[in-house]
Amino acid sequence: MKNMKNIITEGIADFFCEYETPRQVLVRNRRIGITCRIIQLGVLAYIIGWVFIYEKGYQSVDTAIGSVFTKMKGIGITNQNGEEQVWDVADYVFPEQGDSSFVVMTNFIMTKGQTKGKCPELLDKQERCESDADCDEGKFKRTGNGHMTGKCFNETGACEVFSWCPIEDDRNVPDPALLLSAENYTLFVKNAITFPQFKVVRSNLVEGVDKNYLRTCLHDPVKAPLCPIFKLGDIVRFSGFDFAEVAREGGAIGILMDWECNLDLDVRHCKPKYEFYGLYGSADKTKSKSEQPSVGYNFRYAKFYMENGTEKRTLMKVFGIRIEIIVHGLARKFDIIPTLTAIGSGVGIFGVATVVCDLVLLHLLPKRDFYKNMKFKYTMVDNKSSFQQAVISEHKVAAESNWSRLRAPR
Amino acid sequence: MKNMKNIITEGIADFFCEYETPRQVLVRNRRIGITCRIIQLGVLAYIIGWVFIYEKGYQSVDTAIGSVFTKMKGIGITNQNGEEQVWDVADYVFPEQGDSSFVVMTNFIMTKGQTKGKCPELLDKQERCESDADCDEGKFKRTGNGHMTGKCFNETGACEVFSWCPIEDDRNVPDPALLLSAENYTLFVKNAITFPQFKVVRSNLVEGVDKNYLRTCLHDPVKAPLCPIFKLGDIVRFSGFDFAEVAREGGAIGILMDWECNLDLDVRHCKPKYEFYGLYGSADKTKSKSEQPSVGYNFRYAKFYMENGTEKRTLMKVFGIRIEIIVHGLARKFDIIPTLTAIGSGVGIFGVATVVCDLVLLHLLPKRDFYKNMKFKYTMVDNKSSFQQAVISEHKVAAESNWSRLRAPR
Amino acid sequence: MKNMKNIITEGIADFFCEYETPRQVLVRNRRIGITCRIIQLGVLAYIIGWVFIYEKGYQSVDTAIGSVFTKMKGIGITNQNGEEQVWDVADYVFPEQGDSSFVVMTNFIMTKGQTKGKCPELLDKQERCESDADCDEGKFKRTGNGHMTGKCFNETGACEVFSWCPIEDDRNVPDPALLLSAENYTLFVKNAITFPQFKVVRSNLVEGVDKNYLRTCLHDPVKAPLCPIFKLGDIVRFSGFDFAEVAREGGAIGILMDWECNLDLDVRHCKPKYEFYGLYGSADKTKSKSEQPSVGYNFRYAKFYMENGTEKRTLMKVFGIRIEIIVHGLARKFDIIPTLTAIGSGVGIFGVATVVCDLVLLHLLPKRDFYKNMKFKYTMVDNKSSFQQAVISEHKVAAESNWSRLRAPR
């Protein structure tokens, strides 16, 4: 007699002595054989070729944490009404601290000596006042420059507003742009990235980009793809814009620093690629100008000063090229989890191949009934119920199942 | 006699003429049939319905690279101590260049004419000096406004500090906010996104949002969900804040531009949705004010000027609404890789259905021993070892396995 | 006779009464049993242990939308040429509005009273002019400070340039840094994050970080890991830099706020971790200084003022510590889709175990031919074609397949 412990021990022993493997039919038929092998090889080629080699499904992925520092260099000269002016970095870059997103001024409308007070509104072609009643006191128009005081200047048809006076006149944008010389400014980009999961730190000043190289190099997609110094004119050209046009109306350009690193290779091969995208700016030539919504890029800022105890300001409407440096870092490294997941999916897809082949085998081939017979064993127990019967049916199954097939409607 | 080449050729021919397919038992039993078909149909419905239709598992995903440009419009009027002042964009937006993150000033404490020098510290209720000994020379308090010089003003109990003088007095915040008229300012948002993988570029000025529409439209979640012009008061309301409160203490609001694009459809259907999140600002009414950590949003900035050769500044403590425009772009497009991965997983999950059904079949049904007998073929080779035996056992297996079952403890 | 409807009904009834399950061979052999069970248990342990417990494959993932607000506090004192100066937040933080990326000035070169005009270029050791011919009119050197007018100052060898005059002399950087007292400035970071998919909002002022705690706490990785107030000197030290060095030349530091939240637990456990990364700054001591590309961090800005009707400016070359606060939020929560995908992959990987075991069983074991015979049923229909034959072959298959094996070359 066996006690409980023995039963368990034997159960475990049994478990470790047994192995289940599916029984299979080996069909020897040229047509079905070739069809299925091609399907299976196709799936295998797909799993190995695409998932593993092309998409690198055996690697895990980490995105980068990046920091960008930019520095513009160059001097611009303007000559308005005979007055020569010089503009350096502290004058034409906004904001000044070298952010990854900044604006380079290329054109401007300057309104000097504004003070807070009352003056006539800028004249709009459409709406002119004829009497004070047209200038509702305290009201404010969405496109207006100040609060209306309720007074109408009859000679000109302008309402009086409470605002910074004189009102900026931005109806005519200087053409060509005042700072066309901005084309020759240079931009230096420093970028440090960290892949936290893989503990890898890289800078865009990679091996070979040292102090001497930086002194003279200028980025060129073919000749100097790793030089982080760009001519502003080149950036605009690379992004598909026309410099004169963008300089006049303003625009935005994205510089994508694309790090695609395979860390299974040496880290030296982890280098950035620079790509240039025109974000918005020049008008779509296929549309008329009046249809275009919001062309160009501009903003206003003011330099405040005190004169004889009064606060005054110089208002600048700045048209410029906005540059956004976008870091897109992706590192890949061998990892067991995605590898096994890819293999698991692959085996699953192999199952699809079997399903497709079985469909062909069991429904399309002339000898399909024979193969059905080989593949399936039928149990007829619903109407016969003795255990003995079942054992017998095992030996009768081929003939019986044939009969059941004829009876079954399909 | 065959040479090596012949053998290999025949091997390849053999490989292509053979096809293996698992042998299966076709159990005809109403109960188990219905159970298993329901499980299988459930899995099929899950794979097709959820993975494919709901989660769109047959598509690959790309995130957007986006650029945002913002422009505020509107004029604010303040009236402090009878002095009327006007504030325009160049006065109340920080920073000025139309970033995706910016602050609109709604309240302020202005300290005019500060110069570098020595003056009494701002009086704090808790700590008052009684003699010079209480004002350690050179020391600096975390909440102080300058370096203590070591002198105590006995009349008031304030230490003298070396700082910008006079010291800003920010103990009382103007209530109501000075620039409540900010409610009517409008914000225009321009957003360009690129899906680099799919080479698709979109702007939030989609089809239908043209120059004429922009002139008059105002964003409304229901009536004008695509208009990119927002009233500041609306933004605050949409995000769940009270304008008067946020204007006084400051706060931060996130505007999420959510692009969820199915690029299998026409690109015209790729439109942004605008969502508004209150990030921080108004106090949690369930807590007492003294418990609340760091309510509101404020910062200081200074306008510098020269007066009679001395550098002076106007210090502003600005309370404002900080707006952060967050672009979240996700495009999906049919791709063969995720499709096959999803199918592979699906087939795998189908395997789970088979495992569950087999558990029911082999362990729960009354005729489980019969089914076990049908499904499994037992080999008894451990004790019998001739090859002939094995061939014989094939014909005896039904009876024998029955016997092995009786012997096997389980 | 049956009509169409009956046939379909019967077909459906048949479909629901049938269940297919693969026939399997149960091999009783100690060696193969143990091998296969170990492989299967290994796969099971991998799926449960790694995919489910370690990688939490049963959860779906959401990344956070975050907003950061920063505030510096502290007063700096400089003493240059006997002139004592005080610097507060409005003087040393750029930009002023509390962005997630900002610069704290620690050193500077100030050039007072610049006006637009003509003056000699800064003398460079390498290039000196000997006559006017060396100073090409209208030309501009990449490292120059203005447009050359074509005149050479023979005494000094400097070309005359049209620029802001006098030219800034940045050949000597103040050493030690002028604002070493910046070490004691404090930085307060407020961070609100939203997991839009899970509708969870959190702030870094978590439970326990209230008004009283904030008044006195100072971040310490061990003692106060949740205090969001940092001493600037600590930040620099945590990131691996030397304060004096970084203060002199400038540098950049990333503060990573890492939110890894398991939302299957209480939301109170969703807390940020603060990590500090030196992005760039101090020189690599293993290289000579002349080899180092672009060490440090600096930028220029100008304070403009009017003096007697002329626009003047004070140019600052600012060396500072740039701090970038990077929010990395990842929340995980149970989701049925990834769970089922993981199970599906797991079942697929189980298939791999079967494939490996079969390889062992059919090709490595001594009794492999016996097992092949058990596993496979062979069809010989290519040369025999009557249906009757097939039925017969079913009964002959064991003997025949043995013969086919002997004939088949492998």
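All conditions in (1) part of a strand (DSSP E or B); (2) hydroxyl-bearing (Ser, Thr, Tyr); (3) in the same structural domain as B:Leu315 (by TED's automatic domain parsing) hold for B:Thr149, with the sole exception of (3). Answer with yes or no whether A:Asp284 is surrounded by fewer than 18 Cβ atoms within 10 Å (Cβ to Cβ), modelled with pLDDT of 90 or more, out of contact with any Gly (no Cβ under 9 Å at 6 or more places or on another chain) and of a type in the set (Asp, Glu). Answer is no for this residue.
Counting only strands (runs of 3 or more DSSP E) that sit completely within segment C:297-383, those holding 2 or more residues that are aliphatic (A, V, I, L, M) correspond to C:298-307, C:310-334.
Within segment C:311-339, the set of residues being more than 11 Å from chain A (Cβ to nearest Cβ) and of a type in the set (Ser, Thr, Tyr) comprises C:Thr339 only. Would you mind stating whether B:Lys289 is surrounded by fewer than 17 Cβ atoms within 10 Å (Cβ to Cβ) and at pLDDT below 90? Taking the combined requirement at face value, the residue satisfies it.
Okay, residues lined up against (1) in the same structural domain as C:Ala45 (by TED's automatic domain parsing); (2) modelled with pLDDT of 80 or more:
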residue	(1), (2)
C:Lys303	no, yes
C:Lys312	no, yes
C:Met316	no, yes
C:Ile323	no, yes
C:Gly346	yes, no
C:Met374	yes, no
C:Met380	yes, no
C:Arg405	no, no
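Assess whether B:Thr78 counts as being modelled with pLDDT of 85 or more, buried (at least 21 other Cβ atoms within 10 Å of the Cβ) and not in a loop (DSSP other than H, G, I, E, B). Against the criterion (modelled with pLDDT of 85 or more, buried (at least 21 other Cβ atoms within 10 Å of the Cβ) and not in a loop (DSSP other than H, G, I, E, B)), B:Thr78 does not qualify.
Taking the condition more than 13 Å from chain A (Cβ to nearest Cβ) and within 39 Å of the chain's Cα centre (by Cα), does B:Ile38 pass? Judged against the criteria, B:Ile38 is a match. Screening B:Pro228 on (1) more than 30 Å from B:Asp335 (Cα to Cα); (2) surrounded by 20 or more Cβ atoms within 10 Å (Cβ to Cβ); (3) modelled with pLDDT under 90 shows it passes everything except condition (3).
Can you pull out the strands (runs of 3 or more DSSP E) entirely within segment B:169-235 that have at least 3 residues that are of a type in the set (A, V, I, L, M)? Working first, answer last.
Working: elements: B:186-195, B:200-203, B:229-231.
Answer list for segment B:169-235: B:186-195.
Of the listed requirements (1) modelled with pLDDT of 90 or more; (2) part of a loop (DSSP other than H, G, I, E, B), B:Gly240 misses just one: (1). Looking only at segment B:1-24, residues that are over 58 Å from the mean Cα position of the chain (by Cα) and part of a helix (DSSP H, G or I) come to 7 in all.
Among the residues of this structure, C:Val200 does not count as one that is buried (at least 17 other Cβ atoms within 10 Å of the Cβ), within 22 Å of the chain's Cα centre (by Cα) and in contact (Cβ under 8 Å) with a residue 40 or more places away in the chain. Scanning for something at the interface with another protein chain (Cβ under 8 Å from one of its Cβ atoms) and assigned to a helix (DSSP H, G or I), does segment A:49-58 turn up at least one residue? Taking every residue of segment A:49-58 in turn, at least one turns out to be at the interface with another protein chain (Cβ under 8 Å from one of its Cβ atoms) and assigned to a helix (DSSP H, G or I).
Going through segment C:43-76 one residue at a time, which ones are closer than 30 Å to C:Phe108 by Cβ and of a type in the set (A, V, I, L, M)?
Listed by number, the residues that qualify are C:Val68, C:Met72, C:Ile75.
Is there any pair with a first residue in segment A:340-368 that is at the interface with another protein chain (Cβ under 8 Å from one of its Cβ atoms) and a second that is β-branched (Val, Ile, Thr) and part of a loop (DSSP other than H, G, I, E, B) whose Cβ atoms are under 7 Å apart and which are 6 or more apart or on different chains, and what are they? Hits for this filter: A:Lys367/C:Val381. Quick one: would you say A:Lys273 is charged (D, E, K, R), at pLDDT 65 or above and touching an Asp or Glu at 6+ places or on another chain (Cβ under 6 Å)? Criteria met by A:Lys273. Take B:Val173 and tell me if it is over 30 Å from B:Asp88 (Cβ atoms) and in contact with an Asp or Glu (Cβ under 9 Å, 6 or more places away or on another chain). No; evaluated as a whole, the condition is false for this residue. Looking at A:Val43, is it under 30 Å from A:Phe370 (Cβ atoms), under 34 Å from the mean Cα position of the chain (by Cα) and either part of a strand (DSSP E or B) or at the interface with chain B (Cβ under 10 Å from one of its Cβ atoms) (or both)? Yes, satisfied. Those residues that are modelled with pLDDT of 90 or more, within 14 Å of chain B (Cβ to nearest Cβ) and either within 24 Å of A:Gly98 (Cα to Cα) or touching a helix residue (DSSP H, G or I) at 6+ places or on another chain (Cβ under 9 Å) (or both), I need them from segment C:203-225; list them, please. Result: C:Leu218, C:His219.
The values are calculated or read from the model by the stated rules, or taken from the named source; none is laboratory data. All values reported here derive from a predicted model rather than from experimental measurement. No Cβ is skipped: glycine too gets one built from the backbone with ideal geometry, and neighbour counts run over all protein chains shown.
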